[in-house]
Ligand code: AMP
């Protein structure tokens, strides 16, 4: 039971007595050594949460539930929309798989602090591999299975993993896409050599093993089980790459203790979920929502987590919610637009167990939320997230006894505990500007950037005063503390909720010998929210250069999910007098992705 009746009471408690607030929230976690201090500032500007405490995240997510009588409860339920397979794993079975696979990783030489790269679609084995790493203190680096070889190679070189784990294939729709060739290409391109590779064999497209290099996942799962090791709260749990302003993918580092506390609190406070409830996220496990709400938060909270491989149809969402008595559905606006498209001729759905639906990851217009509310006959809300924060910065709080005002339901909500947003106006006196967050960020947020000091240009996450974290999102804050988002201030494009930097695409296009100059901008896409469009100046010595050449090059380097379809050949790109490309003017001619209208706000908070 949460100790606050209202949002205001909770907000007050965390602002006035943060130490007490977080030490009390920390009681949701089973510690080896309980924390006495909540937060310690580090010399590099980031923060360590519960620095004097020790625990094991895998023990919190798996073993303690078996010990507390939940052994026969479903921990993970998996549906593959590609193969129509399904699998249910109880907490007891999960403990067996994870402890065995952890033993298998050890037999390959993996120890505490070693990185293990997991490039797999959403499967039970993906979650098992993540939890097995957590069990022995190895740092997992889950990579979206749709990445092309060169992008996988970049991540291998970035984190130098001792072991790489893949499935023999992933799926595009129902078509199996072999993964071994992508892995082989990546390993040819990468400068770093992992010690071993592990392959989950799938019936649809088995891989042939390279003797001496490749090992079978399910054989390793049968290894002698190992117990969870004791870790410091600030030891890293995982690294997750995300695109950002500099055009480089950056590895976000997440700790163990702060992460476990924040996610356990969020399940109760934001999602209104208690132990035994069923939580269903449609996110791929390779993205942050899949990490946080496909695996860790529901399991740490003793819930059942439903995960899916591939795009879910409306019929599948209805069946899954119905069969597993899903209480909370977490999806993206892109998925919701697909559901709206498919469900035109379907009757309204009655799902008695479903309490709330959440979307995140991109702008959701109020008409979409209204449609979802009338179709599911349930509250549907949007909340604001970043890979960097690991949980929602602003949200709606269904765990609080007092319901929030209906007027707040159409936007991204108010700050979650510990997030203290402010506006950095671009033009002095303007109510809108970049949203910054006062440091320290609450537990669960990034504990630093992997190899941060080696990144050039620097990441710029911490502003020059050292007081604020820069979100690179623009918006405003109103009198009720509600945050209104207007979009990114940098070049990040959201394709079906997935982040890609326009500069990263530009670098690939510019590497084509027949390209003289290029610029990439985002345009609105009816289904996927945004998609990239390229403007290219061809080198006259090399013409003709086709759009297919450019599109092929981008897909080969990054993967088809980037979804670039449009290339415009122009004689020159618009520039400022100092020669910088004015992408904003290209936005206008391309019909930029529509931003939400600026709400009328009478009283605005600024820095
Ligand atoms: P990611 O790191 O992939 O989760 O992407 C984070 C970015 O997605 C944010 O910086 C925003 O630009 C955007 N975003 C996330 N949630 C929302 C939301 N609810 N509404 C609008 N944009 C969002």
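Given a Förster distance of 30 Å, report the FRET efficiency between residue 420 and residue 274 from their Cβ-Cβ distance, rounded to the nearest 0.05.
It comes out at approximately 0.60.
If a/c stays under 1.5 just call it rounded; otherwise compare a/b with b/c (prolate if a/b is bigger, oblate if not). Do that for segment 315-441, with a ≥ b ≥ c from the square roots of the Cα gyration tensor eigenvalues. Before the final figure, lay out each step's value.
Working: a/c = 2.32, a/b = 1.88, b/c = 1.23.
It is prolate, given that a/c is not under 1.5 and a/b is the larger ratio.
Label segment 303-383 by shape, choosing from rounded, prolate and oblate, from the square roots a ≥ b ≥ c of the eigenvalues of the Cα gyration tensor; if a/c is under 1.5 it is rounded, and otherwise prolate applies when a/b is larger than b/c, oblate when it is not.
The shape class here is rounded.
Between segment 502-568 and segment 229-291, what's the alpha-carbon centroid distance in Å?
Here the answer is 32 Å between Cα centres.
Rounded, prolate or oblate, given the Cα gyration tensor of segment 1-153, with a/c below 1.5 counting as rounded?
Prolate is the answer for segment 1-153, as a/c is 1.5 or above and a/b outweighs b/c.
Provide the gained length on full extension for the span residue 556 to residue 195, in nm with one decimal, where the gain is 0.36 nm per separating residue minus the Cα-Cα distance.
Extra length available between residue 556 and residue 195 comes to 127.3 nm.
Within 10 Å, count the other beta carbons around each residue, average over each peptide in 210-218, 41-49, 114-122, and list them highest first. Mind showing how you got there, number by number?
Working: 210-218: 14.1, 41-49: 17.0, 114-122: 25.2.
Ranking the peptides 210-218, 41-49, 114-122 by packing returns 114-122, 41-49, 210-218.
Restricting the count to DSSP beta bridges whose residues both fall in the chain, what percent are antiparallel, rounded to a multiple of 5?
Around 60 percent antiparallel, to the nearest 5.
Using only Cα positions of the chain, each an equal point scatterer, no hydration layer, compute I(q)/I(0) via Debye at q = 0.05, 0.09 Å⁻¹ and quote the log10 values to two decimals.
Per q value, in the given order, log10 I(q)/I(0) is -0.20, -0.69.
Considering segment 87-229, what Rg and Dmax in Å follow from its alpha-carbon atoms?
So, for segment 87-229, Rg and Dmax equal 14.1, 41 Å respectively.
Output the antiparallel fraction of DSSP beta bridges having both residues in segment 134-249, as a percent to the nearest 5.
Roughly 35 percent of the DSSP beta bridges within segment 134-249 come out antiparallel.
Tell me the volume per residue, in Å³, of the convex hull enclosing the alpha carbons of segment 408-534. Could the numbers behind the result be given before it?
Values: hull volume 20.7 nm³, N = 127.
Cα-based convex hull of segment 408-534, divided per residue, equals 163 Å³.
Estimate the FRET efficiency between residue 571 and residue 524 by the formula 1/(1 + (r/R0)^6), using the beta-carbon distance for r and 22 Å for R0, to the nearest 0.05. Numbers along the way, then the final one.
Working: r = 26 Å, r/R0 = 1.17.
E between residue 571 and residue 524, to the nearest 0.05, is 0.30.
Kindly provide the helix-only [θ] at 222 nm of the chain, computed as the sum of -39,500 (n - 2.57) over DSSP H runs of four or more divided by all residues, to the nearest 500 deg cm²/dmol?
When only DSSP H runs of four or more count, the value is -7500 deg cm²/dmol.
As a footprinting exposure proxy, order 526, 506 by other Cβ within 10 Å, with the fewest listed first.
Result, fewest neighbours first: 526, 506.
Which stretch or stretches of segment 439-478 have amide N atoms under 20 Å from the point lying 7 Å from residue 41's Cα along the Cα→Cβ direction?
Only 439-449, 460-471 pass the distance filter.
Order by neighbour count: 232, 155, 453, 135, fewest other Cβ atoms within 10 Å first, most last.
453, 232, 155, 135
Among 18-25, 533-540, how do they line up from the highest to the lowest mean number of other beta-carbon atoms within 10 Å? All intermediate terms of the calculation are to be shown ahead of the outcome.
Working: 18-25: 17.1, 533-540: 19.8.
Descending packing order for the listed peptides: 533-540, 18-25.
Can you tell me the length gained on complete extension of the stretch residue 92 to residue 451, counting 0.36 nm per residue apart and subtracting the Cα distance?
Here the segment from residue 92 to residue 451 would lengthen by 125.5 nm.
Ordered by packing density, taken as the mean number of other Cβ atoms within 10 Å over each peptide's residues, highest first, how do 273-285, 414-426 rank? Please list the in-between numbers first.
Values: 273-285: 22.4, 414-426: 20.1.
Highest-to-lowest ranking by the protection proxy: 273-285, 414-426.
Report the label-to-label distance for residue 373 and residue 460 in nanometres (one decimal), using points 7 Å from each Cα along the Cα→Cβ vector.
Between residue 373 and residue 460, the simple spin-label model gives 3.8 nm.
Quick one: check the C-alpha center-to-center distance for segment 2-22 versus segment 168-198, whole angstrom.
If you average the Cα positions of each part, the centres end up 47 Å apart.
For the chain, what does the relative contact order come out to in percent, with C-alpha contacts under 8 Å and a separation of six or more?
13
The numbers here are math on the coordinates, done by the rules we state, and not lab data. Nothing here was measured: the structure is a model prediction, and the numbers come from that model. Quick reminder, even Gly has a Cβ in these numbers, built from the backbone with ideal geometry, and neighbours come from all protein chains shown.
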